[in-house]
Every structure is written in C-alpha cells, then in structure tokens.
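> Right, I'll just put the structure down here and ask away after.
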Amino acid sequence: MRIVQLRRWALAMMACPLAAAAADQTVTVTLLEGPTTLVRGVTRYALAEGVRLQPGDILEVSDKGLAEMEFTDGVAVAMGPKTRALALSVPHGKPAPGDFYVTQGALKLANAKQGARVRVVTPFFILQAVDGTFVLVLSGSEGSVFMESGEARLASRHAKGTSPTRLKSGDFFTGDDNKGNVTARPTPAFVAVLPKVFLDPLPSRIARYKDRQAQPRRVDLVTYAEVETWLKAPPEIRRPMPARFHSRAADPAFRAALVENLKFHPEWDPILFPEKYQPKDSEAGSGTAAPPRPADKR
C-alpha cells in the first residue's frame, strides 16, 4: 500500500509542472510573409516567427506582407498588408484578455470558442468575439465585418446608450462611428480586397514554436513619424504614451515634432514644459497649489 501511495504521489508531483506549463497563456507569431515591424518600448524591431507578443507591442505589416499570431487556446489572428495594430493587452504567462486596437488594414480572427476574451477595437466600433470566425476591413472612413461563422457583438465607440449589434454567421456589417448596416452577404468590393489566405481556414503552426521562442532583431529607436498614429490616437489609447515614450523627448527631432503637434496630444505639455507647472515663488510661500494639468482635447 505504501509503495502504491508513493507512486501516486510521485506521479502527481511530476504532473504539476506540466499542468502549470499548460496554464501559461501566450500569443506567438507563427507565420510571416514579407517584413513586419514591431515597436516594443521605444525601439523598432524586425519581427520574426516565434516571437511572443507583449502588452503594448505595435505591429505594422508591410505593403505586401502577412502576419499571423496564435493564442495558446487555439485562437488565431491574421493581419493583411498595411495593417497597423496595437496590442492593448495579451496573455503573457497567465490568462488575460486579448485586446487589439487596429487603425487600418484587414484582420481575420478565427477559432474563438465560447467564453473567448478577444476584442478588436477600431476608430469606429468595438468587436467582441463570442465564438467562431470573423473578417474585418478598415478603410479611411468606415469599417466592414463579415461573420464567417459563430457570433460576435459589435458596439459603437461613440453612440452612447445603444445596445451592441449581434452579428451571426453570414452577417455582413458596414458602418462608421455614427451608423451601420447589416446585410446577408459581403459585397464584391469587400471580398476583392481580402488577402487570399483569408478566404480559407488559417493554417496552424503553433506546434513548432511550443518549446522555442525567438527574439526580434533590433533596428533603431523610433522616430516621431513612426509612432505618430498612436500619439494622436483617441484619449483612452494615447494617455499611456507619454510614460512610454518619455525618454524620446530628449531627442531634438522627436521633441520638435511633439511641440509642433502638441494640440493633438496635450498630455505631453507638462513633460515638454515642466516649468509651467512649477509653483511660483509667491505661491510656494503661500502654499497655493500649482495649476492643474490641461484636460484632454477630444
């Protein structure tokens, strides 16, 4: 009996690390066609297959490129040419939602299961996967979504008090930040701009990167132009940017661009001109508080 109990105890102990490893949640880049830029911190990198995403990563696919990422739980996200996305949150060693802010391009999210916590935020709407697969295309003035299978919920970013639109298998939505329309099938124009790989199930290559992790190749520190889109994003997206890119303000060219475009990101004012927020001598003596920081201008 003792031997049997010891054997069971040993097997249980051996299984613990495996269970812990299985619980680790990650998002891994598993397929690249053409170059894709990764901005991590204040540095620009060349993305590589096998790199695991981190919160705050910015991805920019080249004009003829393609990038696919796979979650540990089987969800896959593919980005077509000229797609730009910011990973607001991703699983990184522990269960967490996957939130991506996408400003342009084409994206396919596949294999979402019931209870999936994956959202795609756009300048026009927020798309919450329930289960299944959808394809998204963003142009300059509107966004379109085709629900290939399953279900998703689409909520306007600006229409307060409205209920989310329920998209079911076969539904096609087109709209901007004010209104939208759901029809029974995608338009020929929508299908024409999709990458060919989006017309078929996304390939799964996660198995080859299960036990190995790649590192991106460092290129250089980012310039203002390379992160301008994110510095000028809606307030809830751009507010963390000063803390992230604070060190780049020491670069003369970066600083000059920040000052020139300050009306688009006023939260940089205290960093660029801290003397404006120092108490004056008379105020310091009287205990008068310094003026408040400027409010975000929408």
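> Would you confirm whether any residue within region 90-103 is among the polar types (S, T, N, Q) and either over 14 Å from the mean Cα position of the chain (by Cα) or in a loop (DSSP other than H, G, I, E, B) (or both)?
Let us first name the residues in region 90-103 that are among the polar types (S, T, N, Q), namely 103.
Keeping just the survivors that are either over 14 Å from the mean Cα position of the chain (by Cα) or in a loop (DSSP other than H, G, I, E, B) (or both) gives none.
Checked region 90-103: no residue is among the polar types (S, T, N, Q) and either over 14 Å from the mean Cα position of the chain (by Cα) or in a loop (DSSP other than H, G, I, E, B) (or both).
> Still on this structure, I have one more. Return the residues of region 237-273 that are touching a strand residue (DSSP E or B) at 6+ places or on another chain (Cβ under 9 Å) and under 19 Å from VAL121 (Cβ atoms); say none if nothing qualifies.
Selection gives ILE237 alone.
> So, one more: If I go through region 45-89 residue by residue, how many of them are more than 28 Å from GLY140 (Cα to Cα), at pLDDT below 95 and not in a strand (DSSP E or B)?
Qualifying residue count, region 45-89: 3.
> For GLN114, work out the one condition from (1) in contact (Cβ under 8 Å) with a residue 24 or more places away in the chain; (2) outside any strand (DSSP E or B) it doesn't fulfil.
Checking GLN114 against (1) in contact (Cβ under 8 Å) with a residue 24 or more places away in the chain; (2) outside any strand (DSSP E or B), the one that fails is (1).
> Given the criteria aliphatic (A, V, I, L, M), under 22 Å from the mean Cα position of the chain (by Cα) and on the phi < 0 side of the Ramachandran plot, does VAL219 qualify? Walk me through how you get there before you give the answer.
Numbers: aliphatic (A, V, I, L, M): yes; under 22 Å from the mean Cα position of the chain (by Cα): yes; on the phi < 0 side of the Ramachandran plot: yes.
Considered against the rule, which asks whether it is aliphatic (A, V, I, L, M), under 22 Å from the mean Cα position of the chain (by Cα) and on the phi < 0 side of the Ramachandran plot, VAL219 comes out as yes.
> Of all the helices (runs of 4 or more DSSP H) wholly in region 188-266, which have at least 2 residues that are modelled with pLDDT under 95?
Details: elements: 188-192, 224-231, 235-238, 241-245, 252-260.
Of the helices (runs of 4 or more DSSP H) lying wholly inside region 188-266, those with at least 2 residues that are modelled with pLDDT under 95 span 188-192, 235-238.
> Of all residues in region 138-154, which are within 14 Å of SER169 (Cα to Cα) and aliphatic (A, V, I, L, M)?
Step one: of region 138-154, the residues within 14 Å of SER169 (Cα to Cα) are 145-154.
VAL145, MET147, ALA152, LEU154 - these are the residues of region 138-154 that are within 14 Å of SER169 (Cα to Cα) and aliphatic (A, V, I, L, M).
> Does region 95-136 hold any residues that are among the acidic types (Asp, Glu) and within 20 Å of ASN181 (Cα to Cα), and which are they? Walk me through how you get there before you give the answer.
Within region 95-136, the first condition is being among the acidic types (Asp, Glu), and the residues that meet it are 99, 131.
Once the filter is applied, which keeps residues that are among the acidic types (Asp, Glu) and within 20 Å of ASN181 (Cα to Cα), region 95-136 yields nothing.
The values are calculated or read from the model by the stated rules, or taken from the named source; none is laboratory data. These figures come from a predicted structure and were not determined experimentally. Positions of Cβ are generated from backbone atoms using ideal geometry, with glycine treated the same way; all protein chains shown enter the neighbour counts.
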